[in-house]
Amino acid sequence: MGTFTEANPNTRELLTEILDKTRWWSTLSLITGFLHSKRVERVRVEFGFVLDRDLEGKPQAQNQIVQLDDLEAVIKKGFDEGTIEWAKGSDFLFHPLGTDLAFMLCNDADLHFASADSSLLMELGHKIRSSGIKVYDSGRLI
């Protein structure tokens, strides 16, 4: 992927196994709980380019800052409207404001998350892993 590490070479990236939608929503719930515990209140969301919308003459979604409590609803709306794709050609990113974390729901239906703060990253990685989701660091299970 490289998006996170290109921006900051000190960034470390973990990723989950491929998620079905049920596991995606449970993982998102775990992440939002984790972010609440870190006192995060707002998240910047970035929508990837959706070719099907372009071909249909529909506008692309606009990046925005949303309340953390609204993140799930924003993502559900994106899936419903087709501005966020599941296992297709575009990625969806979100960045919790006030913490050194970034997330990407990848076009492969896995979740990438990154930080230059290794302890914060590993804390989240272990939390996700404890829920039964496989988490990888450079191709190795954590």
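The values are calculated or read from the model by the stated rules, or taken from the named source; none is laboratory data. Given the structure is predicted, the values throughout are model-derived calculations rather than measurements. Cβ atoms come from the backbone with ideal geometry, glycine included; neighbour counts cover every protein chain shown. Side chains are part of the model used for accessible areas, which takes the heavy atoms of the whole protein and leaves out ligands, DNA and RNA. Shrake-Rupley method; radii C 1.70, N 1.55, O 1.52, S 1.80 Å.
Structure above, values below:
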item	result
Helix 71-81 axis, angle to the chain major axis (alpha carbon atoms, nearest 10°)	30
Protection-proxy order for peptides 48-56, 122-130, 104-112, each taking the mean of Cβ atoms within 10 Å per residue, highest first	104-112, 122-130, 48-56
Cα-only Debye scattering, segment 15-93: base-10 log of I(q)/I(0) at q = 0.21 Å⁻¹	-1.04
Dipole moment magnitude, nearest 20 debye, the chain about Cα centre, only Lys, Arg, Asp, Glu C-beta charged	380
Degrees between helix 21-37 axis and first principal axis of the chain (Cα, 0 to 90, nearest 10)	60
Candidate aspartates and glutamates - alpha carbon under 17 Å from Lys77, same-chain residues fewer than 8 apart omitted	Glu46, Asp52, Asp69, Glu85, Asp91
Dimensionless Rg/Rh of segment 60-142 - Kirkwood Rh, Rg from C-alpha atoms	0.98
Accessible area per residue, Å², the chain with all protein chains present, probe 1.4 Å	52
Apportionment of accessible area to carbon and sulfur, the chain, percent (1.4 Å)	46
Normalised contact order of the chain, rounded percent, pairs of Cα under 8 Å and 6 or more residues apart	32
Alpha-carbon centroid distance for the pair segment 72-142 / segment 24-48, whole angstrom	9
Equivalent ellipsoid dimensions for the chain as semi-axes, Å, which come from the Cα gyration tensor, largest first	24, 16, 15
